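First comes the structure, then the notes that go with it.
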Amino acid sequence: MSRILNIGAAQMGPIAPDESRASAVARMIDLLRQAKERGCHLVVFPELALTTFFPRYYDDDIGGMDHHFETEMPGPELRPLFDAAKAADIAFYLGYAEKTADGHRYNTSILVDGDRIVGKYRKVHLPGHAEYDAKRPFQHLEKRYFEPGDLGFPVWRCKGGIMGMAICNDRRWPETYRVMSLKGAEVIMLGYNTPDVNTSAFEPNHLRMFHNHLVMQASAYQNSCFVIGTAKAGMEDGCMLIGGSCIIQPSGEIVALASTVADELITSACDLDLARMGKETVFNFAKHRRVEHYGIIASQTGVELPPDLAAED
Ligand code: ING
């Protein structure tokens, strides 16, 4: 019996720095209403879906950004979103800034199904920098406001499938997907906030969208799983964030693609058993991988020239 999961990527347009959580939640509830009309079982919201992308701002005191963090989930302002999703029987991915009771700050996502927070993930690959960088047109201070995730890359059963989560920059690192697909992931979902200019070095604008889709399509294929990428898009306080939200099937093909940089729901009927062919043949890990040759991928962080190469000046 095929396992068809109607999945939605609920792209959100810009969230202004002074926009209330109630406003963001109301927009998300409307996207859930659209998702219900289209028979969705699962909806993926963006990274940091409740607030503007505040790592673009520098504050001497990192506590100055605490009003963008959630200290309880769901807090009273989030309860209407959880209630609407439960009423619609739609599971959802939510990205938000998490501050723990003992004062740790993470760029976090949760998978919610009914009354349950099924799973939590904390962003492992934090891009950008920790100190003010005057060379940049705007800052990208994720290394200032967040700690690297401490939960690894877990997977969970939800809506009849095995699902994992990632966040934004994680999608550029193959290790992200491989760890989850080695645990059986059939669906990997992620939200992103990606400026349309690379503030760390010049890069032609067209490459922002090319790289966005390249990494998710390649990884869907190489790990034989569905990948859903949902953008927070549009002009946020003078900073343009790319759209391009998409649903990608295990072949690597994009089966649904956003066409705006605003609130926009895209959906696809995903047959989870499409992942089986790749997992049982070309990417049958047990049959084909040769881990005896892969050691330094996990044991070495940066580049180290082999001794015979290092000798040349
Ligand atoms: N955003 C960006 C991303 O990985 C980035 C960071 C910007 C990477 C520019 C490379 C170039 O899509 C987040 N939030 O990680």
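Points to keep in mind about this one:
- Looking across segment 255-281, the residues that are touching a residue at least 24 places away in the same chain (Cβ under 8 Å) and part of a loop (DSSP other than H, G, I, E, B) come down to A258, T260, V261, A262, D263, L272, D273.
- Checked against the criterion of being of a type outside the set (G, A, S), buried (at least 24 other Cβ atoms within 10 Å of the Cβ) and under 14 Å from Y96 (Cα atoms), segment 29-43 contains not a single residue that satisfies it.
- Candidates are the residues of segment 172-215 that are within 15 Å of the ligand (Cβ to nearest atom) and touching a Gly at 6+ places or on another chain (Cβ under 7 Å); the one that is farthest from L42 (Cα to Cα) is M209.
- Here S251 clears all of (1) free of Cβ contacts under 8 Å to residues at least 12 places away in the same chain; (2) under 26 Å from K287 (Cβ atoms) except the condition numbered (1).
- Flag if I117 is at pLDDT 95 or above, under 17 Å from V187 (Cβ atoms) and among the aliphatic types (A, V, I, L, M): no
- Flag for G103 being out of contact with any strand residue (DSSP E or B) (no Cβ under 9 Å at 6 or more places or on another chain), exposed (fewer than 15 other Cβ atoms within 10 Å of the Cβ) and more than 18 Å from M165 (Cβ to Cβ): yes
- From the list A231, A218, the one residue that fits, being within 16 Å of the ligand (Cβ to nearest atom) and closer than 30 Å to P17 by Cα, is A231.
- Every residue from segment 123-135 that is more than 10 Å from the ligand (Cβ to nearest atom), buried (at least 17 other Cβ atoms within 10 Å of the Cβ) and farther than 21 Å from G184 by Cβ: H129
- Tabulated pairs, segment 31-51, first touching a residue at least 40 places away in the same chain (Cβ under 8 Å) and more than 28 Å from F69 (Cβ to Cβ), second away from the ligand (no atom under 16 Å from the Cβ) and among the hydroxyl-bearing types (S, T, Y), C-beta under 8 angstrom, 6+ apart or interchain: R38/T267; C40/T267
- Qualifying positions in segment 168-185 - within 21 Å of I242 (Cβ to Cβ), crowded, with 17+ Cβ neighbours inside 10 Å and out of contact with any helix residue (DSSP H, G or I) (no Cβ under 7 Å at 6 or more places or on another chain): C168, N169
- Strands (runs of 3 or more DSSP E) completely within segment 201-246 that count 3 or more residues being among the hydrophobic types (A, V, I, L, M, F, W, C): 226-231, 239-241
- Scan of segment 1-51 for residues that are in a loop (DSSP other than H, G, I, E, B) and of a type in the set (D, E, K, R), ordered by number: R3, D18, E19, R38, E47
- The set of residues from segment 141-157 being within 17 Å of L111 (Cα to Cα), crowded, with 17+ Cβ neighbours inside 10 Å and touching a Lys or Arg at 6+ places or on another chain (Cβ under 9 Å) comprises G149, F153, V155.
- So G252, is it part of a loop (DSSP other than H, G, I, E, B), touching a helix residue (DSSP H, G or I) at 6+ places or on another chain (Cβ under 9 Å) and surrounded by 13 or more Cβ atoms within 10 Å (Cβ to Cβ): yes
The values are calculated or read from the model by the stated rules, or taken from the named source; none is laboratory data. Everything quoted here is computed from the prediction, not taken from an experiment. Methodologically, a virtual Cβ is constructed for each residue, glycine included, from the backbone with ideal geometry; neighbour enumeration extends over all protein chains shown.
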